[in-house]
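All remarks here apply to the structure that follows.
The values are calculated or read from the model by the stated rules, or taken from the named source; none is laboratory data. Here the structure is a predicted model, which means the values were calculated and not measured. Don't worry about glycine lacking a Cβ; one is built from the backbone with ideal geometry, like all the others, and counts go over all protein chains shown. Just so you know, the surface numbers come from the protein's heavy atoms only, side chains and all, with ligands and any DNA or RNA stripped out. Shrake-Rupley method; radii C 1.70, N 1.55, O 1.52, S 1.80 Å.
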Amino acid sequence: TSETESKQRGLLIVIEGLDKAGKSTQCKLLTKSLNAINIPSKYLHFPMRTTAVGKIIDDYLNKRIELHDSAVHLLFSANRWEYEAEMISDMKSGVTLVVDRYSYSGVAFTAAKPGFSIDWCRGPEIGLPRPDLVIFLSLSQDVAAGRGDFGEERYEVDTFQKKVLSNFKQLIEPEWKILDASRPIKAIQKDIKEQVLEVMNEIGECVIERL
Ligand code: DGP
Ligand code: NA
Ligand code: NA
């Protein structure tokens, strides 16, 4: 009966894609529109630069410090792990998380560096909550580059982004939703919302799976 049914848990929705694919814009629009229809939602963005680990990552990305690539990889992962308990508790209390970048960025970016395999990069991500939906905003690096100059941050380099994109393509799983990110913002948002509502209808039980 409806009395014994537990409250539906929040979903973990991840949006991935290249820099300039429009991830942040789409995540923020989605969070707003879910909240507007009384689906409690929270926007998250990894790397989360405000935590202790996130501050080191920010220093690294802004080239204020140098670190071993392996150490950086583990810090990005630690930055997700330090938020794990809160993600689980939010989802259990019915809050849907809309996450701008996740473990897939972690793997795609480090594996674009010489000497790092996709398998090794996945290691520290194992055990993090598994997304209920991964949306990949697909854009060629040439179109992405046409959206304006990169900033000064590490990784904001054309050749590196091309390697990242080819890594992302290796990570895509059959259940991911691939959306053409070259279209207008509204059209992309409409597709995203449709996918989210579809998955929301399918999630019946409270089990949170793991990577
Ligand atoms: P953002 O704040 O989303 O623009 O991300 C900052 C940069 O860090 C961007 O170039 C993507 C990269 N990045 C995001 N997550 C990870 C990660 O887990 N590992 C590595 N190596 N790079 C990441
Ligand atoms: Na960036
Ligand atoms: Na971004």
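If I filter region 38-53 down to residues being of a type in the set (A, V, I, L, M) and open to solvent by less than 50 Å² (accessible area, probe 1.4 Å), which single residue comes out as farthest from ligand 1 (Cβ to nearest atom)? Explain how you work it out, then say what you get.
Residues of region 38-53 that are of a type in the set (A, V, I, L, M), as a first pass: 39, 44, 48, 52-53.
If we keep only those that are open to solvent by less than 50 Å² (accessible area, probe 1.4 Å) too, we end up with 39, 44, 48, 53.
On the way: 39: 24, 44: 11, 48: 9, 53: 11 Å.
By that ranking, first place goes to 39.
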>> One residue is enough: does region 98-105 have a residue meeting the conditions among the aliphatic types (A, V, I, L, M), at pLDDT 95 or above and surrounded by fewer than 21 Cβ atoms within 10 Å (Cβ to Cβ)?
In response: no
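Of all the residues that make up region 106-132, how many are touching a helix residue (DSSP H, G or I) at 6+ places or on another chain (Cβ under 7 Å) and either modelled with pLDDT under 95 or assigned to a loop (DSSP other than H, G, I, E, B) (or both)?
Of the residues in region 106-132, the ones touching a helix residue (DSSP H, G or I) at 6+ places or on another chain (Cβ under 7 Å) are 106-113, 116, 118, 121-122, 124-125, 128-129, 132.
If we keep only those that are either modelled with pLDDT under 95 or assigned to a loop (DSSP other than H, G, I, E, B) (or both) too, we end up with 111-113, 116, 128, 132.
Of the residues in that region, 6 qualify.
Can you tell me which residue in region 1-37 is modelled with the highest pLDDT, limited to those that are touching a Cys at 6+ places or on another chain (Cβ under 7 Å) and assigned to a loop (DSSP other than H, G, I, E, B)? Break it down into steps so the answer makes sense when it comes.
Filtering region 1-37 for residues touching a Cys at 6+ places or on another chain (Cβ under 7 Å) gives 6, 9, 15.
Next, only the ones that are assigned to a loop (DSSP other than H, G, I, E, B) stay: 6, 9.
Details: 6: 59, 9: 93.
By that ranking, first place goes to 9.
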> If the Cβ limit is 8 Å and pairs must be 6+ apart or interchain, which residue in region 73-100 that is under 21 Å from residue 28 (Cα atoms) and in a helix (DSSP H, G or I) pairs with which residue that is open to solvent by less than 30 Å² (accessible area, probe 1.4 Å) and basic (Lys, Arg)?
Replying inline: 91/9
>> Every residue in region 12-64 that is hydroxyl-bearing (Ser, Thr, Tyr), touching a strand residue (DSSP E or B) at 6+ places or on another chain (Cβ under 7 Å) and farther than 26 Å from residue 159 by Cβ, please.
In response: 31, 41, 43
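Does region 22-38 contain any residue that is on the phi > 0 side of the Ramachandran plot and either more than 15 Å from ligand 3 (Cβ to nearest atom) or in contact (Cβ under 8 Å) with a residue 60 or more places away in the chain (or both)? Let's see the steps before the verdict.
Step one: list which residues in region 22-38 are on the phi > 0 side of the Ramachandran plot, which gives 22, 38.
Subsequent filtering for residues that are either more than 15 Å from ligand 3 (Cβ to nearest atom) or in contact (Cβ under 8 Å) with a residue 60 or more places away in the chain (or both) retains 22, 38.
Yes, region 22-38 contains at least one residue that is on the phi > 0 side of the Ramachandran plot and either more than 15 Å from ligand 3 (Cβ to nearest atom) or in contact (Cβ under 8 Å) with a residue 60 or more places away in the chain (or both).
Residue-by-condition table, conditions (1) over 16 Å from the mean Cα position of the chain (by Cα); (2) among the aliphatic types (A, V, I, L, M):
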position: 178; (1), (2): no, yes
position: 181; (1), (2): no, yes
position: 185; (1), (2): yes, yes
position: 188; (1), (2): yes, yes
position: 191; (1), (2): yes, no
position: 200; (1), (2): yes, yes
position: 206; (1), (2): yes, no
position: 209; (1), (2): yes, no
>> Just to be sure I understand the filter: pairs with C-beta atoms under 7 Å, separated by 6 or more residues or on different chains, first member in region 41-60 and more than 20 Å from residue 85 (Cα to Cα), second member polar (S, T, N, Q) and open to solvent by less than 70 Å² (accessible area, probe 1.4 Å). Which pairs pass?
In response: 57/79
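Which of the residues belonging to region 54-94 are β-branched (Val, Ile, Thr) and open to solvent by 30 Å² or more (accessible area, probe 1.4 Å)? Reasoning before the result, please.
The first filter runs over region 54-94 and keeps only residues β-branched (Val, Ile, Thr), leaving 56-57, 65, 72, 88.
56, 65, listed by residue number.
Please indicate, with yes or no, whether at least one residue in region 148-166 is within 15 Å of ligand 1 (Cβ to nearest atom), at positive phi and not hydrophobic (A, V, I, L, M, F, W, C).
We begin by selecting, within region 148-166, every residue within 15 Å of ligand 1 (Cβ to nearest atom); these are 148-165.
Subset that is at positive phi: 148, 155.
Still in the list and also not hydrophobic (A, V, I, L, M, F, W, C): 148, 155.
Yes, the conditions are met somewhere in region 148-166.
Right, residue 59: within 16 Å of ligand 2 (Cβ to nearest atom), of a type in the set (Asp, Glu) and in contact with an Asp or Glu (Cβ under 8 Å, 6 or more places away or on another chain) or not? Before the answer, list the steps.
Values: within 16 Å of ligand 2 (Cβ to nearest atom): yes; of a type in the set (Asp, Glu): yes; in contact with an Asp or Glu (Cβ under 8 Å, 6 or more places away or on another chain): no.
No, not satisfied.
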>> Among the residues that make up region 40-49, is at least one of them part of a helix (DSSP H, G or I) and under 16 Å from the mean Cα position of the chain (by Cα)?
In response: no
>> Go through region 23-32 and report how many residues are open to solvent by less than 30 Å² (accessible area, probe 1.4 Å) and over 23 Å from residue 77 (Cα atoms).
In response: 3
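Residues checked against (1) open to solvent by 20 Å² or more (accessible area, probe 1.4 Å); (2) among the small types (Gly, Ala, Ser):
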{"site": "132", "(1), (2)": "yes, no"}
{"site": "144", "(1), (2)": "no, yes"}
{"site": "167", "(1), (2)": "no, no"}
{"site": "177", "(1), (2)": "yes, no"}
{"site": "186", "(1), (2)": "yes, no"}
{"site": "193", "(1), (2)": "yes, no"}
